[in-house]
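Have a look at the structure below before the remarks.
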DNA sequence: CGCTACCTTGAGCGTATTCAAAGGTCGTGG
DNA sequence: CCACGACCTTTGAATACGCTCAAGGTAGCG
């Protein structure tokens with residue numbers, strides 16, 4: 001595998017020069033993992049962080065009574081586990097693969113060496129963590145201030161946005177996983193989707209493809225300015 | 001005001017040497033603000049970050065329909081607004097003073113200069129952001145996986161822990177604010193406190209002082225292994 | 001002492017969860 | 001290619017938790 005090429009292509013390391021990519025490639029270790037395979041757990045010592053080369057990874061917490069909450073779904077080219085690198089101790093959550101994946105692992109100590117010597121790399125990491133923080137603040141707001149229809153609407157609009165405002169949103173994860181990501185359960189998500197369909201806000205094209213029929217009403221829904229009919 | 005002394009005393013800048021504290025003091029600007037005064041809003045350009053010298057600051061989001069959610073309460077010696085320094089753009093939330101406060105403001109550009117030149121400072125900031133991220137991940141879990149009694153129990157135990165596992169927890173914020181911080185409303189918080197009292201888990205000593213009667217049962221409550229009686 | 005803000009209490013309601021079960025879909029192996 | 005099983009999705013009915021609305025009580029502060 002051409003590690004350097006993959007490293008240069010990630011957003012996190014973009015803008016760094018060839019030499020820096022080379023240094024990173026030197027310490028990166030390729031790891032493969034199968035669908036459902038655990039990558040790290042809450043209790044694991046944080047020995048480094050990862051970048052997803054191909055596949056998909058799920059970051060989640062488990063409450064004492066066994067319920068899961070997905071914090072983040074990591075797609076190709078995105079990093080995860082960075083927190084463990086800079087704050088000593090274990091990982092703050094669990095990670096497993098949603099599908100067969102190939103990862104690059106950056107060992108903590110060697111990576112820190114690089115960061116210390118290279119201020120442009122450290123600025124990249126600071127920006128990365130700041131972005132993560134922004135996302136999580138939004139997630140906190142979503143969970144506490146919005147109902148499930150609004151959360152789903154927000155999610156769909158965000159996905160659409162990331163695809164050039166396409167009307168078609170292809171769900172990258174199963175509906176069960178999506179329910180969990182939105183902080184609810186499959187039954188509730190299913191019911192709400194049905195209501196969105198019957199209100200002509202969205203339509204299903206294929207099993208995992210949704211067509212947005214009205215961005216505007218979806219937006220109103222996301223902002224709590226519209227309510228779904230009751231059925 | 002002796003800026004350098006205050007800077008040296010914050011956890012964020014502890015462990016740095018005298019020279020570094022001096023540099024930080026040079027760029028720091030003292031700001032005073034009165035209770036309820038806005039420090040920055042969502043829309044403000046992130047021109048720098050703050051440290052609370054004295055007083056108390058509230059970080060919160062506002063949903064489109066006007067509901068507030070406190071993300072964080074910042075006490076003395078703690079920083080806030082760091083995110084805006086490293087990810088371009090505006091602040092991710094609102095900030096206002098819960099009481100008359102004195103702050104130190106670190107202008108973005110000048111602070112970034114220091115960070116770029118000083119790897120120990122950048123490591124401090126990376127650790128700081130990572131810690132913030134940890135907290136928020138926990139908050140997401142709390143809000144989505146736990147009910148209000150469990151969230152309150154967790155909060156009380158955390159406060160107790162930070163005070164040497166004292167049995168007495170002195171609320172630093174009003175119950176309304178606490179309710180909001182826990183993602184609920186004053187009415188609900190009041191009812192749940194009443195049930196905790198009647199179950200002999202806590203007792204009120206003064207208006208804002210709570211005595212923990214059973215750490216163990218509070219812990220069970222936090223972990224969802226105990227339910228309050230219904231009344 | 002009176003005002004204001006905060007806290008408590010009650011009743012009713014709505015949203016989402018739980019529990020239970022049936023219908024679909026996908027991958028695997030026969 | 002079809003049959004089977006596992007998992008995902010959908011649907012229904014009942015429940016529960018927390019919220020809204022409304023009002024009364026309490027405490028701090030000028």
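Key figures
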item	result
Residue satisfying condition, being touching a helix residue (DSSP H, G or I) at 6+ places or on another chain (Cβ under 7 Å) and surrounded by 22 or more Cβ atoms within 10 Å (Cβ to Cβ), within set A:68, A:142	A:142
Filter pass, residue B:202 being more than 15 Å from DNA strand D (Cβ to nearest atom) and more than 14 Å from chain A (Cβ to nearest Cβ)	yes
Among the candidates B:113, B:76, residue that is surrounded by fewer than 19 Cβ atoms within 10 Å (Cβ to Cβ) and within 14 Å of chain A (Cβ to nearest Cβ)	B:113
The one condition in (1) in a strand (DSSP E or B); (2) within 15 Å of the chain's Cα centre (by Cα) that residue A:30 fails to fulfil	(2)
Boolean, residue B:192 is outside any helix (DSSP H, G or I), within 11 Å of DNA strand C (Cβ to nearest atom) and surrounded by 15 or more Cβ atoms within 10 Å (Cβ to Cβ)	no
Hits in region A:133-178 (condition: away from every other protein chain (no Cβ under 14 Å), more than 16 Å from DNA strand C (Cβ to nearest atom), in contact with a strand residue (DSSP E or B) (Cβ under 8 Å, 6 or more places away or on another chain) and not in a loop (DSSP other than H, G, I, E, B))	A:159, A:160, A:168, A:169
Residue list for region B:206-221, restricted to those being within 16 Å of DNA strand D (Cβ to nearest atom), more than 18 Å from residue B:173 (Cα to Cα) and surrounded by fewer than 19 Cβ atoms within 10 Å (Cβ to Cβ)	B:220
Count of residues meeting criterion [part of a strand (DSSP E or B) and more than 22 Å from residue B:126 (Cα to Cα)] in region B:67-94	4
Identity of the residue in region A:145-173, out of contact with any helix residue (DSSP H, G or I) (no Cβ under 7 Å at 6 or more places or on another chain) and free of Cβ contacts under 8 Å to residues at least 24 places away in the same chain, that ends up farthest from DNA strand D (Cβ to nearest atom)	A:164
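Values quoted throughout were computed directly from the atomic coordinates according to the rules given, and no laboratory measurement underlies them. Keep in mind that what you see is a predicted model, and the values were worked out from it rather than measured. Glycine gets a Cβ as well: all are built from the backbone with ideal geometry, and neighbour counts include every protein chain shown.
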